[in-house]
Amino acid sequence: MHQKHYRNAFIDSSRWDDIALREGDIILTTPPKTGTTWMQMICALLIFQTPELPRPLGEISVWPDFLVHPREEVLAELDGQRHRRVIKTHTPLDGLPYDERVTYLTIGREPRDVGVSTDNHMSNMHLGKVFAAFAASMAAEGAEVPALPEMPPPPESVHDRFRAWVDDPGYMSGLPMFLHHLDTLWQVRDRPNVVLTHYQQLQDDLAASMRSLAAKLDIEVPEQKWPELVEAATFDSMKRREDDVIPNRDLWVDKARFLHKGTSGQWRSVLDEDDVAYYRKQVVTLADPDLLAWVQQGQD
């Protein structure tokens, strides 16, 4: 499989070239704002089989291609892990090394909910702190620190921001890449080491979803442990433990907003008829109808 290179101001998928994959690794390859942190928690709970994780979630499930952490530090962290690894990335499957010993796990979510959640996420990101961490990481590697890229102010209207997201072709930025990312896994969904789940399924029946995932990951969980593991994976439980759950805690204006609402259908109270019509016109040009039917889960 030809491996594409994805790069933006703070992400570089070429870091995957230096990662020695192991049998049993789980690569959580998700578009942003689809429930990545939720799935990191679920995987960690299944692996450690206790609600009391040994370390903060971001240290257990490392994000190697995020450039705010020096390359050697990230590689050393991954190399030193002796538990079954869950490695986070927002790089699509066509930008990752493919290994049949590894499970590639992704999450779909209603695209309009992703757009609304992205709007909250971006307004909560402290770009100055992100760039400072990035600059420190580059300096630690002895690399030249580029100037902070100019970021035009977002549109004032939530409706204009949503339409800009629908049109934005950038890596990790908008609807086109969101659908491309999912399509790279949708096209190979029949492979035994590719697992697709959906945000709506997690919401509808978290316990059944966790049991299904455990079976696909070949993880045996004693029956008596299930209630406490499922409870620890609920949105309310994760909110109560946000200091151990939220990644890169210092990079947010308000860390309490990182785990925002955790609901489906929130787009209905934000977008107007014109926004939805604009979305519908664009989305059908970007993805296979079967993929769209799955990702939208009947919300039309």
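Mind counting the residues in the range 252-300 that are in a loop (DSSP other than H, G, I, E, B) and either modelled with pLDDT of 70 or more or of a type outside the set (Asp, Glu) (or both)?
So the count comes out to 20.
Regarding residue 59, is this residue among the acidic types (Asp, Glu), at pLDDT below 95 and more than 22 Å from residue 179 (Cα to Cα)? If you could, list the steps in order and put the result at the bottom.
Numbers: among the acidic types (Asp, Glu): yes; at pLDDT below 95: yes; more than 22 Å from residue 179 (Cα to Cα): yes.
Considered against the rule, which asks whether it is among the acidic types (Asp, Glu), at pLDDT below 95 and more than 22 Å from residue 179 (Cα to Cα), residue 59 comes out as yes.
For every residue, the table says whether it meets (1) among the charged types (D, E, K, R); (2) buried (at least 17 other Cβ atoms within 10 Å of the Cβ); (3) modelled with pLDDT under 95; (4) within 18 Å of residue 28 (Cα to Cα).
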position: 183; (1), (2), (3), (4): yes, yes, no, yes
position: 189; (1), (2), (3), (4): yes, no, no, yes
position: 198; (1), (2), (3), (4): no, yes, no, yes
position: 212; (1), (2), (3), (4): no, no, no, yes
position: 218; (1), (2), (3), (4): yes, no, no, yes
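Which one of these is hydrophobic (A, V, I, L, M, F, W, C), assigned to a loop (DSSP other than H, G, I, E, B) and touching a residue at least 40 places away in the same chain (Cβ under 8 Å): 177, 172, 210?
Being hydrophobic (A, V, I, L, M, F, W, C), assigned to a loop (DSSP other than H, G, I, E, B) and touching a residue at least 40 places away in the same chain (Cβ under 8 Å) holds for just one of 177, 172, 210, which is 172.
Only residues in the range 42-57 that are of a type in the set (Phe, Trp, Tyr) count as the first member; pair them with residues that are surrounded by 20 or more Cβ atoms within 10 Å (Cβ to Cβ), Cβ under 9 angstrom, at least 6 apart or cross-chain, and list the lot.
48/60
How many of the residues in the range 220-246 are more than 17 Å from residue 53 (Cα to Cα) and not in a helix (DSSP H, G or I)?
Selection size over the range 220-246: 2.
Regarding residue 184, is this residue touching a helix residue (DSSP H, G or I) at 6+ places or on another chain (Cβ under 8 Å), assigned to a helix (DSSP H, G or I) and polar (S, T, N, Q)?
Considered against the rule, which asks whether it is touching a helix residue (DSSP H, G or I) at 6+ places or on another chain (Cβ under 8 Å), assigned to a helix (DSSP H, G or I) and polar (S, T, N, Q), residue 184 comes out as yes.
The values are calculated or read from the model by the stated rules, or taken from the named source; none is laboratory data. All figures in this text were calculated on a predicted structure; none of them were measured in a lab. Using ideal geometry, Cβ is built from the backbone for each residue, glycine included, and neighbour counts are taken over all protein chains shown.
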